[in-house]
Each structure stands twice: as structure tokens, then as C-alpha cells.
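Contents: one structure, followed by commentary.
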Amino acid sequence: MAHAIASTGAGDLHAAAEHDHKPQGFVQRWLFATNHKDIGTLYLVFALVMFFVGGSLAMVIRAELFQPGLQIVHPEVFNQLTTMHALLMIFGAVMPAFVGLANWMVPMMIGAPDMALPRMNNWSFWILPAAFTLLLAPFVLFLLFGIGGGGPAGGWTLYPPLSLQGGDNVAFTIFAIHMMGISSIMGAINIIATILNMRAPGMDMLKMPVFVWSWLITAFLLIAVMPVLAGSVTMLLTDKYFGTSFFNAAGGGDPVMFQHIFWFFGHPEVYIMILPAFGVVSEIIPTFARKPLFGYRAMVYAIASIAFLSFIVWAHHMFTVGIPLGGELFFMYATMLIAIPTGIKVFNWAFTMWQSSMTFETPMLFAIGFVMMFTIGGFSGLMLAIVPADFQYQDTYFVVAHFHYVLVPGAVFAIMAATYFWLPKWTGRMYNETLGKWHFWLSTVFVNLLFFPQHFLGLAGMPRRIPDYNIVFADFNMWSSIGAFGFGLSQLLFAWMVFDVCVRKHGAKASAGVWEGSHGLEWTLSSPPPYHSFAVPPVIDGRMLAHGDISH
Amino acid sequence: MTATRLRLLRLIAVPVALVGSLAVSADPPVRWQLNMTEGASQASQSAHDLHMMTFLLCCAIGVIVYGMMFFSVWKFRKSKGAVPAKWSHNNMAEAVLTVVPALILMAMAWPATKVMLAAADTANSAMTIKITGYQWKWRYEYVGTPVSFFSSLKRDSAEARRLGSGIDPYAIDNYLLDVDHPLVLPADTKVRFVLTAEDVIHSWWVPELGWKQDAIPGIINDNWTRVSKPGIYRGQCAELCGKDHGFMPIVVEVKSQAEYAQWFADQQAAATPPAAVAAAAVAAAETTDLAAPAASQLN
Ligand SMILES: [Cu+2]
Ligand SMILES: [Cu+2]
């Protein structure tokens with residue numbers, strides 16, 4: 001910026017700000033949005049809405065499971081609730097939230113004016129509301145108006161033959177997944193094109209923030225696996241409507257083949273939802289520890305090796321389908337290998353905190369909470385890799401506890417941390433720190449009350465995806481439900497805070513740097529940043545980057 | 001699990017497992033059960049031992065990682081005047097943190113591999129049961145004999161579990177975990193199972209036998225068990241199979257070999273039409289031979 005001011009003069013810059021071609025009018029600004037910040041905002045708002053829609057379904061699920069016996073919903077509706085909850089949270093909340101963060105932050109972090117392909121960016125967002133309307137339609141029509149046979153009820157994994165027993169919701173779900181896939185692929189292409197082509201001079205690949213690295217690798221994962229998902233669901237569609245027998249044994253097909261193809265997508269998908277979280281946390285911890293990230297290169301290589309390994313572990317979701325011994329051994333060993341790069345990441349965050357000088361603002365609380373609770377999910381993941389033990393864990397609440405630990409106090413906590421971390425940058429206003437801390441502590445207490453007892457339930461023998469259970473499971477289910485209600489209500493605090501800052505425009509003015517320990521190009525821009533992030537490429541001084549010294 | 005290392009680990013595991021095992025004085029599942037059952041078979045014992053080994057290793061790693069982080073949070077605070085160090089990498093530490101976890105993983109993989117190799121052997125079974133999953137019940141066929149029957153949720157549970165039934169689940173014995181016709185097996189006998197399904201995928205799971213195996217239409221899977229202690233072992237379908245997935249339990253009743261032979265003879269008599277009794281006498285003798293007494297010859 002110093003360079004820009006010197007060459008163009010402060011007056012010119014001021015004039016430029018007034019002629020930034022910011023579109024006027026609601027439709028012009030949002031429907032035809034091409035600006036990376038506007039699109040980032042759209043993604044984040046969409047994700048927040050879906051988080052609450054998917055969350056309210058979870059509240060109904062936990063209310064039904066509050067005590068033994070069926071009190072609220074019929075079993076067939078219960079199955080729709082679990083299926084829709086998963087699809088909404090995965091494709092509607094977590095993934096769009098991270099894409100929103102990428103849209104906002106990647107151009108600012110690499111010194112670019114905007115994303116490389118702004119019009120495609122517009123499409124990749126606006127496909128989503130259409131896709132989710134399609135996905136929700138059968139479910140909502142049935143539930144609210146009694147029309148049709150209801151939404152998909154075969155689980156988000158859509159295993160045939162069960163998923164094909166649904167009515168025409170099969171077609172709705174599959175077309176919705178196709179659209180989400182197209183959206184994700186376009187978003188990923190855009191992110192890759194931006195990172196590879198639009199870095200400011202001097203922003204070498206190995207000087208990029210870890211968040212940018214994590215998204216570059218995630219985008220390649222998306223491009224690799226979304227077409228696989230599209231292929232597998234297309235075969236479901238033709239099996240149902242066009243008489244093919246890809247997955248129908250009676251016609252020469254194989255129902256297990258679907259599971260292989262699905263999980264070839266599904267396991268990388270797990271990392272699509274967690275690698276950007278690793279990136280976020282790797283930005284936040286050094287900032288509030290006032291110490292550079294420990295082992296920057298190791299962190300980048302760890303993300304890359306996790307991404308590679310994610311392609312060769314898929315059958316660990318299928319140990320009980322009857323895989324030959326050699327196959328089970330291979331997938332067990334490959335899965336266990338993932339513990340090594342993941343362990344490196346956790347140790348490196350811990351070493352970053354060692355001999356640092358920490359303060360505990362809300363983003364830091366969520367980031368530390370992420371590391372600690374994600375690690376619990378990592379441990380149970382390692383346990384699940386052990387095949388003979390997995391024969392007991394598979395399809396029980398132990399698995400439910402495992403993936404919710406990596407997704408809720410994992411991915412979702414990282415998204416919360418990112419929001420608190422960057423909200424002052426985005427809006428120019430500080431959120432309410434006291435409420436933020438309340439939000440963190442309430443969420444942490446309740447999320448553990450919600451998911452920790454589910455380990456016990458699974459170990460004691462409670463299968464997942466059941467609407468009712470034997471009375472011996474009653475105690476921990478009640479704990480879990482109380483945790484769920486508490487966690488759900490705590491999120492209203494978050495929504496209120498975001499509303500307070502963004503809409504009611506409350507909060508102290510934020511400086512450009514916002515945080516005492518902030519490093520990186522995004523913090524050299526004003527808060528809120530100019531409409532076009534870096535109209536002139538910044539001149540990069542190693543000291544303003546978090547990883548300016550590449551000897552590390 | 002035969003490895004001495006595992007025995008040692010089991011010793012360490014005792015205090016941790018205490019709560020769990022105390023609770024498991026009755027047949028699992030029991031109220032407040034915290035841990036995986038050790039079960040009634042070799043497979044369930046191995047699963048439990050591997051589970052405890054991995055769990056305890058994770059606990060040990062957790063003590064180090066969490067200890068380090070909690071110590072940092074307590075000690076390295078700006079409010080306490082902590083000054084940040086400048087270092088940001090250490091090749092030695094990074095190498096150690098790669099190699100040591102790799103060694104720990106190998107220590108985990110080795111006993112697991114041995115268990116898997118031993119469990120893969122379904123040969124030399126004394127009898128075979130064919131299990132077929134249906135929406136929403138199980139069918140058991142004693143292969144090579146006329147004995148076969150369906151097994152579905154017991155009536156009292158089935159009535160109580162209806163939405164708004166007004167029946168208290170606490171008033172029902174073994175709510176949702178009882179069936180009309182349990183699968184009956186002889187004790188101390190290697191029993192082979194072949195599993196398939198008629199409509200959608202199901203999964204047959206009795207925790208005390210130590211495994212679940214998917215029952216898939218068009219595909220035949222197999223597995224085996226040998227239970228020495230007579231008793232009643234309960235489980236449930238573990239793969240989502242439609243609206244009544246939660247309502248297709250499994251009950252296995254293991255009888256002593258003498259009692260089993262008696263039970264089997266009764267079943268066979270009932271399964272044979274009276275008109276054909278004489279004709280079937282020979283076959284009955286053969287099949288009894290195959291299914292029950294043969295069991296005792298097998299170690
Ligand atoms: Cu996986
Ligand atoms: Cu089932």
C-alpha cells in the first residue's frame with residue numbers, strides 16, 4: 001500500500017475509492033454479484049441459514065430420542081430427518097461456509113483485486129439456493145402440506161437398494177446433488193485459478209498463508225471427487241427410472257459397487273470439510289500466540305499428504321460388507337497412516353503455543369477448542385481403523401460420536417473461530433467480546449454433553465439411525481438430548497451477534513490490523529476493506545507476512 | 001488375543017475398564033454401560049482387547065498433547081508477562097514426531113493383523129446357519145435340515161413402540177430386544193453363518209459374538225462363531241433398512257449340547273409333515289448327525 005500511495009498519491013486513491021463501480025441497488029449488488037466479498041457474504045449467509053435449518057431437524061431428532069418410546073414422529077419421518085439433517089449440514093452449511101471464507105479471504109491474503117473468474121463465481125453461488133429448493137421440496141411439501149411421499153429417507157449415503165425405494169424424491173435429491181456438484185466444481189476452479197494466477201509479485205507459493213494452501217489442496221480434492229459422486233448418483237437415477245441394473249444384483253449389478261464409488265467420493269469429502277478448518281486454525285493460533293506457526297512447511301506437506309491418503313482409504317467405511325482379508329488389511333494400514341500427518345498438525349499447533357505469549361479472545365478460544373476436541377475425534381478415528389474393533393463400532397453411536405466430534409467442535413468451531421477472527425475486518429466493527437466468550441463456553445459445555453455420551457451408547461451396543469431404543473440406553477440419550485438443546489440455543493447468541501454487527505451496525509470501530517499479533521496482507525487493508533481488495537498489487541515486505549521467512 | 005503385550009496392556013486396562021466391567025455383571029447391554037463388552041466369543045474378546053489397547057495408547061498420547069497445551073495456556077499468557085520466543089521450527093522435533101507415531105501405529109497394526117488372520121478361517125465348522133434379512137425380520141435356516149423359521153420383534157414391544165401407544169417401555173421386558181423365535185445354537189460348537197438379504201441391505205449384529213456382518217441382496221457373506229457359555233445374547237440390525245430398521249432385533253440362545261440336541265429334534269419333528277414321518281426318519285437321523293452331535297466331535 002505504501003507503494004501505491006507513493007506512486008498514485010493519496011488524492012488519487014481517494015478518488016479511486018469513489019469510482020470503484022460498486023453496483024447500486026439490491027438486485028444489481030446481490031443477484032448479479034461478481035465481487036468476491038459480496039459473494040463471500042452470500043455464501044456465509046446461506047450457510048448460516050442452512051445451519052439453523054439443519055440444526056432444527058437435529059433438535060427434532062434429539063427430542064424424539066429424549067426418552068424411549070415414540071413420542072413425536074413416525075419412524076419413516078425420523079429417517080427423513082436424519083437424511084435431510086446430514087445433507088443440509090454437509091452440502092448446505094459446512095461446505096458453503098468454507099467457500100464463503102475462501103471468497104472473502106483468498107484474494108485479500110494473496111494480494112489480488114478479486115477472484116479470477118467473477119461471473120462464474122456468481123453462478124457457483126446462485127446454483128445453491130436452487131439446488132436446496134429442489135432438495136427440500138419433497139420433504140417440506142410432505143411435512144407441511146401432506147403432499148407426496150416425503151423426502152429421501154435412506155440416509156445421506158443413499159445406499160441402494162434402500163434409497164431406490166423412495167418415491168420421486170429420489171429424482172429431486174439426485175438433481176439437487178448434481179447442481180451442488182456443479183457449484184462446488186466451479187467454485188474450486190475459481191479458487192485454483194485465483195491462487196495460481198493472481199498472487200501479488202513476491203507472494204511465492206511457500207509464503208502463502210496456510211489457509212490459502214489448505215484451500216488450494218481442498219479445491220483439487222473437490223474437482224477430483226465431485227464428478228465421482230455425480231456418476232454414482234446418476235447410476236442410481238437410471239437404475240430407478242430407466243431400467244438399468246448397475247446396483248441391482250437381480251439384473252447382474254452389485255449393490256456394494258455403489259458403496260465403493262460413493263466412499264471414493266465420501267472420504268475425500270471428509271477432508272474437504274476439515275482441511276480449510278486446519279487452515280483457519282493455523283492462521284488464528286499464531287496470531288493470538290504472537291509467535292510464528294511452528295513448522296510451516298511441515299504443515300503444508302501434512303495437508304498435501306492427508307489429501308493424497310484420503311483417496312486410498314475409502315473402504316474403511318465398509319469393513320462389514322465382506323471385503324477379502326487382503327483388502328481389509330490394506331485399508332486398515334492406509335487409514336492408520338493418516339494419523340501421522342494429522343498428528344504432525346496437532347503437535348505443531350501445540351508447539352506454536354509453547355513459549356508464546358497468548359491472549360484468549362473469542363477466535364483463539366474457538367481455535368484451541370477446535371484443536372482439543374478435533375483430537376478426540378481423531379483418536380476415535382484411529383480406533384475405528386482397527387478392523388476387528390470396527391466390527392463392533394461400525395454403524396453404532398460410537399461412529400456418530402466420532403464424526404460429530406470432527407465436524408461440530410471440529411469444522412463448525414473452526415468456522416465460528418474464522419467468523420470472530422475476520423468479522424471486524426469484514427465490517428469494520430468489533431463484535432461483543434463478552435457475548436462471544438459466553439457463546440464459546442456454552443457451546444463447548446453443551447457440545448461435549450451432546451456427543452461424548454454417544455461414545456458410551458455405541459460401545460454398549462446402540463445402533464445409529466434408530467428412532468427408539470431399549471431402556472438401558474435411556475440415561476445417556478437424555479444427557480445427549482439436553483446437550484443438543486443447549487447447544488442449539490447457544491447458537492442463537494452467535495446469530496444475534498452477527499446480526500448486531502452486520503445489520504444493527506453496533507460495535508467499536510476496528511483498526512486495519514484488528515488484532516495485536518496479526519500478520520498478512522489482509523491486515524494491511526482498511527477495515528472494512530475497499531470494494532476491490534488490491535486495485536494495485538501490494539509491495540510485499542517479508543515482515544508483514546506470517547511466513548515471510550521461507551527458511552522455516 | 002494371545003500376544004503377551006496385549007496381556008500387559010490388559011493389566012493396565014483393569015482400572016479403566018473397572019466401571020464398565022462392574023456394570024456388566026448382568027447380560028449386556030446394561031444401564032450405564034460405558035465400555036464395549038468382552039462378550040462370549042474369541043472374536044468379541046479380541047475386539048475388546050484391541051479396542052482397549054488403542055484406547056489406552058490414545059489416552060497416553062492425549063496426556064502428552066493435552067498436557068502440553070493446558071500447560072501452555074496456563075503458563076504462556078501475555079497477562080502473566082510471557083514474552084514470545086522467536087523459533088518456529090525444529091527439524092529434530094519434527095522428525096521425532098513423525099517417527100514415534102509411526103512406531104506406535106505399527107505396534108497397533110501387528111496384533112490387529114494377527115487377530116484378522118485368525119478370524120478369517122471359516123473352515124471346519126460343525127454346522128451352517130443361513131441368515132436372510134427381510135424388511136423387517138430375520139430368517140434362520142439350519143442348512144441341510146428342514147428346520148427354518150422367521151424371527152421378528154416380540155409382540156409386546158411391537159405394540160408399545162407405536163407412536164402414541166400409551167404403553168410404557170419400562171413396563172416391557174427387554175423392550176425392542178426380544179423376538180418371537182430366537183436363533184438357537186449349541187455351545188462349544190463352531191457355527192458358520194452365511195448371510196444374505198431379500199430386499200435391502202441389513203446387518204446382523206450381536207455384540208457378544210464380536211462382529212456384525214452385512215446381509216446384502218444378491219451377495220452371500222460368511223462368518224463364524226463359537227460360544228462356550230450357554231445363555232441369551234441380544235443384538236439388533238445395524239444397517240439402515242427402512243422405516244422399521246430399529247425394530248428388527250436379534251436374539252441368540254446358546255444351549256448346552258444335550259439341550260440343543262433335544263430342541264433340534266423337536267423342531268425337526270415339527271417341521272416334518274406327519275405323512276412323511278416314516279420316509280423322513282432316515283434323513284432325520286442323518287441331519288441330526290450333521291447338525292447336533294457332530295458338534296461335540298469338533299474342538
Ligand atoms: Cu473415511
Ligand atoms: Cu436394519
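Figures for the structure shown
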| read-out | value |
| --- | --- |
| Some residue of the range A:265-282 being within 16 Å of ligand 1 (Cβ to nearest atom), more than 21 Å from A:Met416 (Cβ to Cβ), touching a residue at least 24 places away in the same chain (Cβ under 8 Å) and within 13 Å of chain B (Cβ to nearest Cβ) | no |
| Some residue of the range A:289-306 being within 16 Å of ligand 2 (Cβ to nearest atom) and either within 11 Å of chain B (Cβ to nearest Cβ) or among the basic types (Lys, Arg) (or both) | no |
| B:Val100 vs. criteria modelled with pLDDT of 80 or more, surrounded by 17 or more Cβ atoms within 10 Å (Cβ to Cβ), among the β-branched types (Val, Ile, Thr) and part of a helix (DSSP H, G or I) | no |
| Condition broken by A:Gln259, with the remaining ones in (1) without any contact (Cβ under 8 Å) to a residue 12 or more places away in the chain; (2) within 16 Å of ligand 2 (Cβ to nearest atom) satisfied | (1) |
| Strands (runs of 3 or more DSSP E) within the range B:161-216 that include 2 or more residues more than 16 Å from ligand 2 (Cβ to nearest atom) and assigned by TED's automatic domain parsing to the domain that holds B:Pro28 | none |
| Matching residues, the range B:178-190, being within 19 Å of the chain's Cα centre (by Cα) and either away from chain A (no Cβ under 14 Å) or open to solvent by 10 Å² or more (accessible area, probe 1.4 Å) (or both) | B:Asp178, B:Pro182, B:Leu183, B:Val184, B:Leu185, B:Pro186, B:Ala187, B:Asp188, B:Thr189, B:Lys190 |
| B:Lys137, sole failed condition from (1) open to solvent by 40 Å² or more (accessible area, probe 1.4 Å); (2) facing chain A (nearest Cβ under 9 Å); (3) not small (Gly, Ala, Ser) | (2) |
| Subset tally (residues that are hydrophobic (A, V, I, L, M, F, W, C) and open to solvent by 10 Å² or more (accessible area, probe 1.4 Å)) for the range A:347-372 | 7 |
| Checking A:Asp475 against (1) open to solvent by 30 Å² or more (accessible area, probe 1.4 Å); (2) farther than 20 Å from A:Glu283 by Cβ, the condition it does not meet | (1) |
| Test result for A:Phe265, surrounded by fewer than 24 Cβ atoms within 10 Å (Cβ to Cβ) and among the hydrophobic types (A, V, I, L, M, F, W, C) | yes |
| Among residues of the range B:51-84, those that are more than 44 Å from the chain's Cα centre (by Cα) and loosely packed, with under 15 Cβ neighbours inside 10 Å, counted | 5 |
| A:Pro201, sole failed condition from (1) over 26 Å from A:Ala411 (Cα atoms); (2) open to solvent by less than 40 Å² (accessible area, probe 1.4 Å) | (2) |
| Residue that is hydroxyl-bearing (Ser, Thr, Tyr), open to solvent by less than 10 Å² (accessible area, probe 1.4 Å) and over 30 Å from A:Gly513 (Cα atoms), where the choices are A:Ser183, A:Ser163 | A:Ser183 |
| Any pair with Cβ under 8 angstrom, 6 or more apart, that starts in the range A:532-543 at a residue that is open to solvent by less than 60 Å² (accessible area, probe 1.4 Å) and ends at one that is of a type in the set (D, E, K, R) and outside any helix (DSSP H, G or I) | A:Ser533/A:Asp114; A:Gly542/A:Asp549 |
| Test result for A:Val45, over 24 Å from B:Ile167 (Cβ atoms), at pLDDT 95 or above and either surrounded by fewer than 20 Cβ atoms within 10 Å (Cβ to Cβ) or not small (Gly, Ala, Ser) (or both) | yes |
| Residues of the range A:507-531 satisfying the condition of being out of contact with any Pro (no Cβ under 7 Å at 6 or more places or on another chain), of a type in the set (A, V, I, L, M, F, W, C) and open to solvent by less than 10 Å² (accessible area, probe 1.4 Å) | A:Leu525 |
| Counted residues, the range A:247-262 - those being under 10 Å from A:Ser232 (Cβ atoms), surrounded by 21 or more Cβ atoms within 10 Å (Cβ to Cβ) and in contact with a Gly (Cβ under 8 Å, 6 or more places away or on another chain) | 1 |
| Residue identified as out of contact with any Lys or Arg (no Cβ under 7 Å at 6 or more places or on another chain), surrounded by fewer than 24 Cβ atoms within 10 Å (Cβ to Cβ) and at pLDDT 95 or above among A:Phe413, A:Phe452 | A:Phe452 |
| Matching residues in the range A:354-384 - criterion: being within 24 Å of B:Leu57 (Cα to Cα), among the hydrophobic types (A, V, I, L, M, F, W, C) and not in a loop (DSSP other than H, G, I, E, B) | A:Ile368, A:Phe370, A:Val371, A:Met372, A:Met373, A:Phe374, A:Ile376, A:Phe379, A:Leu382, A:Met383, A:Leu384 |
| Residue match in the range A:138-147 (condition: farther than 16 Å from A:Leu57 by Cβ, assigned to a loop (DSSP other than H, G, I, E, B) and free of Cβ contacts under 8 Å to residues at least 60 places away in the same chain) | yes |
| All helices (runs of 4 or more DSSP H) inside the range A:387-493 with 2 or more residues being out of contact with any His (no Cβ under 7 Å at 6 or more places or on another chain) and more than 16 Å from ligand 1 (Cβ to nearest atom) | A:387-393, A:413-427, A:433-460 |
| Residue check, B:Trp204 within 7 Å of chain A (Cβ to nearest Cβ), touching a residue at least 60 places away in the same chain (Cβ under 8 Å) and closer than 20 Å to A:Tyr397 by Cα | no |
| Count of residues meeting criterion [within 8 Å of ligand 2 (Cβ to nearest atom), farther than 10 Å from B:Leu153 by Cβ and either more than 8 Å from chain A (Cβ to nearest Cβ) or out of contact with any Lys or Arg (no Cβ under 6 Å at 6 or more places or on another chain) (or both)] in the range B:237-251 | 5 |
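The values are calculated or read from the model by the stated rules, or taken from the named source; none is laboratory data. This is a predicted model, so every value here is computed, not measured. Glycine gets a Cβ as well: all are built from the backbone with ideal geometry, and neighbour counts include every protein chain shown. These area figures cover heavy atoms from the full protein model, side chains too; ligands, DNA and RNA do not enter into them. Shrake-Rupley method; radii C 1.70, N 1.55, O 1.52, S 1.80 Å.
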